[in-house]
Amino acid sequence: DAGVIQSPRHEVTEMGQEVTLRCKPISGHDYLFWYRQTMMRGLELLIYFNNNVPIDDSGMPEDRFSAKMPNASFSTLKIQPSEPRDSAVYFCASSLRGAGSYEQYFGPGTRLTVT
Amino acid sequence: AQSVAQPEDQVNVAEGNPLTVKCTYSVSGNPYLFWYVQYPNRGLQFLLKYITGDNLVKGSYGFEAEFNKSQTSFHLKKPSALVSDSALYFCAVRVGLTGGGNKLTFGTGTQLKVEL
């Protein structure tokens, strides 16, 4: 299994630009999570989906952030317009709900730098 | 609300010595508990979990964790530390135990440093 795939691995952009982060979950997993990690705030859950439907987006910091999951194998996290305080590592994770399961598997992350 | 606490920001241990990374939890009902490790510039990797059964859980890379219900703890242990174990360790608890959902609440992380 290829694991969770994220792209790009690094993104440098200027303030005000639109940024789109992409995630491909592990095949067959029915949950997908987006996290943000910074030194100051640690690991924060932004939003998660179950069967492609957003379940909880209470962690999305502002309306500038949006996430979609058009199908079971693809999700995007968009920031528009981006700001320097959005600089962080963004992780996607997926999991399968089933007997004895529940653990999440993380992708390698996208390191976003907004200048 | 379900939560976990990692009381130590950093743990230092000499190579070859046993290591313990502490985690305590607060949940209503039976806890589902997890340990993850994060190496520099990498995503979090699943190490082990406790759902039910034996209180001593064995996981990847020689790590194990002991579930203690009376002390509400789930400490991560390894009998003999390696320099390559140096990383950031996260404890987590599953939220929504009765309503479904695979949302996890993570602790703040403990930096483990293993020195020669």
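The values are calculated or read from the model by the stated rules, or taken from the named source; none is laboratory data. Because the structure is a prediction, the values reported are computed rather than measured. Every residue, glycine among them, receives a Cβ derived from its backbone with ideal geometry; neighbour counts consider all protein chains shown. The protein model used for the area step is the full one, side chains on, heavy atoms only, and it has no ligands, DNA or RNA in it. Shrake-Rupley method; radii C 1.70, N 1.55, O 1.52, S 1.80 Å.
If you take the residues of region A:97-115 that are modelled with pLDDT of 90 or more and open to solvent by 30 Å² or more (accessible area, probe 1.4 Å), which of them is farthest from the other protein chains (Cβ to nearest Cβ)?
This residue is A:Thr115.
Residue check: is B:Pro40 more than 24 Å from A:Val89 (Cα to Cα), within 14 Å of chain A (Cβ to nearest Cβ), not polar (S, T, N, Q) and not in a strand (DSSP E or B)?
No, not satisfied.
Can you spot a residue in region A:57-75 that is in contact (Cβ under 8 Å) with a residue 60 or more places away in the chain and under 27 Å from B:Pro40 (Cβ atoms)?
no
List the residue pairs whose Cβ atoms are under 9 Å apart, where the first residue sits in region B:18-35 and is assigned to a strand (DSSP E or B), the second is among the charged types (D, E, K, R) and open to solvent by 60 Å² or more (accessible area, probe 1.4 Å), and the two are 6 or more positions apart or on different chains.
Going by the 9 Å Cβ cut-off, the qualifying pairs are B:Leu19/B:Lys77; B:Thr20/B:Lys77; B:Val21/B:Lys77.
List the number of the failed condition for A:Ser66; all other conditions in (1) under 14 Å from the mean Cα position of the chain (by Cα); (2) buried (at least 17 other Cβ atoms within 10 Å of the Cβ); (3) at pLDDT 95 or above hold.
Every condition holds for A:Ser66 apart from (2).
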